[in-house]
Amino acid sequence: MSIGHTLLGLLESGPRHGYDLKRAFDETFGHDRPLHYGQVYSTMSRLLKNGLVVVDGIEAGGGPERKRYAITDEGITDVQRWLATPEKPEPYLQSTLYTKVVLALLTHRDAADVLDTQRSEHLRSMRILTDRKRKGDLADQLICDHALFHLEADLRWLELTAARLDKLREAVTR
């Protein structure tokens, strides 16, 4: 996820302080991985330097000054361009799991155990996500669906690989 573009998009509804941007980000996107304040302020400094935001006001208080940021026309254009650019699909052609299976075969360990352990972990994760999906709002449901679909694809790969272990063993131990 592009933190900079996400913060810019949140500014399109109106100027905000860094604290408000962090809170809006965490409520909308950061359920599992909230932003650190330092990440917000370093990102805002970069966006300011690049002309994508301006300081719309500064408030003095009991602590440090609070800057209110506003998105510029260039920032709006940058968000639009980012939204219109498709994300590159990740084909996972060199996955850690594949490496573990092959190394287990090369070192004469039980690759089926590697696959079984991973299958159990995937099923555990799927149970947690399904519970979260059932209890969550629409945003949580969509996020969980995305993760569940990827885990289902991984499970299919685990089953396919388990069925082909003998052939894979022959291919990698020649």
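Against the condition part of a helix (DSSP H, G or I) and at pLDDT 95 or above, how does residue 160 come out, does it pass? Can you show your working first?
Numbers: part of a helix (DSSP H, G or I): yes; at pLDDT 95 or above: yes.
Yes, satisfied.
Look at segment 142-156 and say how many of its residues are without any contact (Cβ under 8 Å) to a residue 60 or more places away in the chain, open to solvent by 60 Å² or more (accessible area, probe 1.4 Å) and of a type in the set (A, V, I, L, M, F, W, C).
Filtering segment 142-156 down to residues without any contact (Cβ under 8 Å) to a residue 60 or more places away in the chain leaves 142, 144-156.
Among the residues that remain, those that are also open to solvent by 60 Å² or more (accessible area, probe 1.4 Å) are: 142, 146, 149-150, 152, 154, 156.
Then keep just the ones that are of a type in the set (A, V, I, L, M, F, W, C); that gives 142, 149.
The qualifying residues number 2.
Looking at segment 47-57 only, could you name the residues that are surrounded by 10 or more Cβ atoms within 10 Å (Cβ to Cβ) and out of contact with any Gly (no Cβ under 7 Å at 6 or more places or on another chain)? Working first, answer last.
Within segment 47-57, the first condition is being surrounded by 10 or more Cβ atoms within 10 Å (Cβ to Cβ), and the residues that meet it are 47-48, 50-57.
Across segment 47-57, the qualifying residues are 48, 50, 51, 54, 55, 56, 57.
Can you tell me which residues in segment 126-141 are outside any loop (DSSP other than H, G, I, E, B), free of Cβ contacts under 8 Å to residues at least 40 places away in the same chain and either under 30 Å from residue 108 (Cα atoms) or open to solvent by less than 80 Å² (accessible area, probe 1.4 Å) (or both)?
Keep residues of segment 126-141 that are outside any loop (DSSP other than H, G, I, E, B), which gives 126-135, 138-141.
Remaining after also requiring free of Cβ contacts under 8 Å to residues at least 40 places away in the same chain: 126-135, 138, 141.
Within segment 126-141, 126, 129, 130, 131, 132, 133, 141 meet the criteria.
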Can you pull out every residue in segment 163-174 that is more than 10 Å from residue 101 (Cα to Cα) and in a helix (DSSP H, G or I)? 163, 166, 167, 170, 171, 172
Is there any pair with a first residue in segment 54-78 that is within 12 Å of residue 15 (Cβ to Cβ) and a second that is hydroxyl-bearing (Ser, Thr, Tyr) whose Cβ atoms are under 7 Å apart and which are 6 or more apart or on different chains, and what are they? 54/72; 55/69; 56/69
Please work out which one of (1) under 30 Å from residue 56 (Cα atoms); (2) loosely packed, with under 10 Cβ neighbours inside 10 Å; (3) not basic (Lys, Arg) is the condition residue 75 fails and give its number. (2)
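The values are calculated or read from the model by the stated rules, or taken from the named source; none is laboratory data. All of these numbers come straight from a predicted model, not from anything done at the bench. In this analysis, Cβ positions are derived from the backbone assuming ideal geometry, glycine residues included, and neighbour counts consider all displayed protein chains. Each accessible area value is taken on the protein alone, full model and side chains, heavy atoms only, with ligands, DNA and RNA left out. Shrake-Rupley method; radii C 1.70, N 1.55, O 1.52, S 1.80 Å.
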